[in-house]
Amino acid sequence: MPSTIVWYMDMGRYGWFFGLTKRMNPITMNSLTPLKSNCSKALEQCIKDSHQLVESHKEISGMEKCVELAQRCIRACAECLDACESARLDRGRMMLTCAEVCKIFAAECEKHGSDECKNCVESCRNCLEEFEHVLA
């Protein structure tokens, strides 16, 4: 039987072990895939909504702070998405950084009534929920 390297998370520490694929619990393995997928989808949606906000509000007076925070959110989400999809060891730290940026951005967006701001608040909250599930 072929061996494989399997990544696991144990009490916040990442590690690896060699194991036989026949001994892997398929329920556990299947439940990890949707978490990654849902987190990636939330990050992609946040990037998309933030980009739409930047494009529609960059010329509006008084929205400079919101646009600047949207650009920070785009960068943080893109870096976090890259970390999650490449299984980098710093993905937990990237999620925490992205969560902080999303919280600040969502708080600013709540001050405004545009549809783009409402979409950003919702997508930031979705990211925060997914991070909570993954990091719990």
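Just so you know, all these numbers are worked out from the coordinates, no wet-lab data involved. Please read all numbers here as calculations on a predicted model, not as lab measurements. Positions of Cβ are generated from backbone atoms using ideal geometry, with glycine treated the same way; all protein chains shown enter the neighbour counts.
Miscellaneous remarks
- The tail of the calculated P(r) for segment 34-135 beyond 16 Å holds 49 percent of all Cα-Cα pairs.
- Under a model in which nothing but the beta-carbon of Lys, Arg (+1) and Asp, Glu (-1) is charged, segment 34-135 shows a dipole of about 240 debye around its Cα centre.
- Per-residue ³J(HN,Hα) for segment 90-106, Karplus 6.51 cos²θ - 1.76 cosθ + 1.60, θ = phi - 60°, Hz, x for Gly and Pro: 8, 5, x, 5, 5, 5, 5, 5, 5, 4, 5, 5, 4, 4, 5, 5, 4
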